[in-house]
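The values are calculated or read from the model by the stated rules, or taken from the named source; none is laboratory data. Just so we're clear, the structure is a prediction, and the values are computed from it rather than from any experiment. We place every Cβ from the backbone using ideal geometry, glycine too, and count neighbours over all the protein chains shown. Accessible surface is based on the protein model in full, side chains and every heavy atom, while ligands, DNA and RNA are left aside. Shrake-Rupley method; radii C 1.70, N 1.55, O 1.52, S 1.80 Å.
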Amino acid sequence: PSSWCYVLIPEAENAKQAWQKLLARKPRALEWPRVDSRTTDQYLHGFDFSRNILDSRQDRLGLKRQHLFQIDYKNNQFLFSLAGEELVIDLSSPRALFLHTALKMLMNAHSTLLMGRMNRFESNIMTWVRPSNGKLIDRATRYIQILLKEKAVEKTYLEIVHCLFDELESLQPHQSIVMKVVKRLES
């Protein structure tokens with residue numbers, strides 16, 4: 001299923017330009033196709049977030065309209081706009097690290113609010129984690145542990161990880177792996 005929220009770089013005419021604008025340089029794929037096909041330049045450019053994606057997403061998802069949440073940076077200010085509403089955040093710091101950190105925090109707040117609107121929380125824990133790497137497997141496991149403790153169920157970290165991998169094999173796109181494992185281990 002397609003994501004509800006999608007990055008778009010409107011100045012980019014194609015995927016290659018979008019990556020260059022995002023990274024402020026030409027992207028460099030690892031090019032290890034014998035190890036993993038996802039390391040290739042071709043795979044990388046399959047992720048298109050140029051202006052072409054609007055029509056493509058609309059056709060593919062059957063959307064009548066899309067809500068464009070726009071973020072601009074001008075004159076030391078972030079400008080957030082959505083459906084005619086605007087929010088200006090002044091960032092007079094000349095330090096690039098501060099600006100990137102501030103933008104990341106604001107984007108995290110946006111995604112957290114979106115997850116809340118989609119009812120993807122349980123006990124103030126975001127339950128829709130896609131454990132696709134070590135950090136996210138650990139996060140999902142710790143979230144499961146917290147939710148099980150609230151239900152007075154004690155499981156070891158290792159037991160939870162084994163169950164998580166078992167359940168991943170049959171996980172459907174509309175399911176939360178965290179809640180699926182909690183349900184299995186609480187019974």
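Nearest 500 deg cm²/dmol is fine: what mean residue ellipticity at 222 nm does the chain get from its DSSP H runs of n ≥ 4 alone, each adding -39,500 (n - 2.57), divided by its residue count? Spell out each step's value before the answer.
Working: 7 runs with 83 residues, N = 187.
Mean residue ellipticity at 222 nm (helix-derived): -13500 deg cm²/dmol.
Expressed as an acute angle from 0 to 90° and rounded to the nearest 10, what is the orientation of the C-alpha long axis of helix 134-150 relative to the principal long axis of the chain?
50
What is the sum of charges, Lys and Arg at +1 and Asp and Glu at -1, for the other residues whose Cβ falls under 11 Å from the Cβ of E150? Intermediate values should be presented prior to the final figure.
Numbers: positive: K149, K151; negative: E122, E186.
Summing Lys/Arg as +1 and Asp/Glu as -1 gives 0.
Grab the beta carbon distance between H110 and T156, set R0 = 41 Å, and tell me the FRET efficiency rounded to 0.05. Write out the running numbers ahead of the final one.
Numbers: r = 36 Å, r/R0 = 0.87.
E between H110 and T156, to the nearest 0.05, is 0.70.
May I ask you to derive the FRET efficiency for L99 and D138 from their Cβ-Cβ distance with R0 = 35 Å, giving the value to the nearest 0.05?
Step by step, r from the Cβ atoms, then E = 0.75.
How large is the dipole of region 109-181 about the Cα centre if only Lys and Arg carry +1 and Asp and Glu carry -1, each at its Cβ, rounded to the nearest 20 debye? Walk me through the intermediate numbers first.
Working: 10 positive and 8 negative charges, 63 e Å.
With only Lys, Arg, Asp and Glu charged at Cβ, the dipole is about 300 debye.
Over the chain, with a single point scatterer placed on each C-alpha, what log10 of the ratio I(q)/I(0) does the Debye formula yield at q = 0.16, 0.17 1/Å?
For the requested q values the scattering log ratios are -1.24, -1.28.
Putting +1 on Lys and Arg Cβ atoms and -1 on Asp and Glu Cβ atoms, find which of N108, N76, V161 reaches farthest to the positive end of the dipole of the chain.
N76
For region 95-111, in order, what is each residue's ³J(HN,Hα) by Karplus, 6.51 cos²θ - 1.76 cosθ + 1.60 with θ = phi - 60°, in whole Hz (x at glycine and Pro)?
Going residue by residue, I get 7, 4, 4, 4, 5, 5, 5, 4, 4, 4, 5, 5, 5, 4, 4, 4, 5 Hz, with x marking Gly and Pro.
Considering only C-alpha atoms, what is the centroid distance from region 66-87 to region 4-61, in Å?
Using only Cα atoms to place each centre, the spacing works out to 22 Å.
Enumerate lysine pairs in the chain that are 8 or more residues apart or on different chains, then count those whose Cα atoms are under 21 Å apart.
Counting lysine pairs in the chain gives 13.
Once R0 is set to 41 Å, what does the formula 1/(1 + (r/R0)^6) return for the Cβ-Cβ distance between S92 and K183, expressed as a FRET efficiency to the nearest 0.05? Each step should come with its number before you reach the end.
On the way: r = 49 Å, r/R0 = 1.20.
Efficiency, from the Cβ-Cβ distance: 0.25.
Leaving out ligands and nucleic acids, and using a 1.4 Å probe, what accessible area per residue does region 131-176 come to in Å²? Can you show the working numbers first?
Values: 2890 Å² over 46 residues.
Counting only protein heavy atoms, the per-residue value for region 131-176 is 63 Å².
Based on Cβ point charges of +1 for Lys and Arg and -1 for Asp and Glu, what charge dipole magnitude is obtained for the chain about its Cα centre, in debye rounded to the nearest 20? It would help to have the intermediate numbers written out before the result.
Details: 27 positive and 21 negative charges, 33 e Å.
Computed about the Cα centre, the dipole is about 160 debye.
From Cα pairs below 8 angstrom and at least 6 apart in sequence, can you work out the relative contact order of the chain, rounded to a whole percent? Intermediate values should be presented prior to the final figure.
Working: 180 pairs, mean separation 21.5, N = 187.
Reported as a whole number, the value is 11 percent.
Any idea what the relative contact order of region 79-156 is, in percent, if you count C-alpha pairs under 8 Å spaced at least 6 apart? Each step should come with its number before you reach the end.
Numbers: 33 pairs, mean separation 8.9, N = 78.
Relative contact order comes out at 11 percent.
Note down the nm distance, to one decimal, between modelled labels 7 Å out along Cα→Cβ at E13 and at K26.
Distance between label points: 1.8 nm.
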